[in-house]
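The values are calculated or read from the model by the stated rules, or taken from the named source; none is laboratory data. A quick note: this is a predicted structure, and the numbers were derived from the prediction, not measured. Heads up, the Cβs are rebuilt from the backbone with ideal geometry, glycines too, and the neighbour counts pull from every protein chain shown. Note: accessible area is taken over every heavy atom of the protein model, side chains too, but ligands, DNA and RNA are not part of it. Shrake-Rupley method; radii C 1.70, N 1.55, O 1.52, S 1.80 Å.
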Amino acid sequence: MLGVTLIFVGASVTLQLALGIAVAWLIDAADRRRVRGTLAARVAVVGAWVMPGVLVGIIWKILLIENRSGIITFYLTRLGIRPLPLVSSAGLALLSVIVANVWRGCAFSMVLEYAGLQRIPRERHEAADLEGVSAWQRLRWVILPELAPVIAVNAILITIATFNTFDLIMPLTGGGPARATEVMSLFMYRAAFFELDGAKAAVVAVVMLAVNVLLALAAARLLRANGHKGDKGDKRGAWRVATFRR
């Protein structure tokens, strides 16, 4: 159970951060270039986030069901690929749960990262354009230094959300097959309502509470630290632009 939880949380948080930054970067670049459809793209991404977790689990259950009514199985068959045990195989079931959680959670990361990108002065992007820097140099010298505090807070917040995920996994796999997708919240639920072991469930609940409190304290400390820094990042902007060529 602990191993499944660590894999689920680690993979989900990493992918949500990476996809959130990538989508936010693309939307911000399109917005700066006045490309049409950026608002529709933001609405489409956020639409996954506002869905209840139970509904997301049911949608992905319909997508991944392994008989002919499954949408993914249908298209795999059309491509000449044999149906895959997406929810009945231990490894693929855990991968499917991670993908579903990332699909729902990367929107939250996109919102935070996009807000952080909006704080970067446009003059820095214009200076980068004049210098003719590459996309990697722009990311390294302009974007990531300014987004570092936002990324840290974002990582803690999505870690808390992913660590407590229950509503998505329950309708999707129920913790199966053979408890291959049973994270701590599902373990606690099973201990309390199936095994009727209140003591075990209470112990797991206390451990989860302690982890959540530590993560929440870390997030609050980061927010206070970022508030004290103020606009110190603006003073480093000119130096970063000057070092593009280097």
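For Val102, state whether it is surrounded by 15 or more Cβ atoms within 10 Å (Cβ to Cβ) and assigned to a loop (DSSP other than H, G, I, E, B).
So Val102 does not fit the description; no.
Does Gly10 satisfy the criteria of being open to solvent by 20 Å² or more (accessible area, probe 1.4 Å) and on the phi > 0 side of the Ramachandran plot?
So Gly10 does not fit the description; no.
When residues of segment 107-132 are filtered for being open to solvent by 20 Å² or more (accessible area, probe 1.4 Å) and either in contact with a strand residue (DSSP E or B) (Cβ under 7 Å, 6 or more places away or on another chain) or of a type in the set (A, V, I, L, M, F, W, C) (or both), how many remain?
Qualifying residue count, segment 107-132: 6.
Among all residue pairs at least 6 apart or on different chains, which show Cβ distances below 7 Å where the first residue, located in segment 42-70, is free of Cβ contacts under 8 Å to residues at least 40 places away in the same chain and the second is open to solvent by 60 Å² or more (accessible area, probe 1.4 Å)?
As it stands, the answer is Ile62/Ile71; Leu63/Ile71; Glu66/Pro83; Glu66/Ser88; Arg68/Phe74, since those pairs meet every condition given.
Mind telling me which of the residues Ala48, Ala29, Ala22 ends up being within 19 Å of Glu113 (Cα to Cα), in a helix (DSSP H, G or I) and open to solvent by 30 Å² or more (accessible area, probe 1.4 Å)?
Result of the check over Ala48, Ala29, Ala22: Ala22.
Mind checking which pairs have a first residue in segment 84-109 that is touching a residue at least 40 places away in the same chain (Cβ under 8 Å) and a second that is open to solvent by 10 Å² or more (accessible area, probe 1.4 Å) and of a type in the set (Phe, Trp, Tyr), Cβ under 6 Å, 6 or more apart or different chains?
Final answer for the pair search is Ala100/Trp60; Ala107/Trp49; Phe108/Trp49.
For a quick check of your reading of the model, give me the residue pairs whose first member lies in segment 166-184 and is open to solvent by less than 10 Å² (accessible area, probe 1.4 Å), whose second is of a type in the set (Asp, Glu), with beta-carbon atoms closer than 9 Å and at least 6 apart or on different chains.
Ile169/Glu182; Gly175/Glu182
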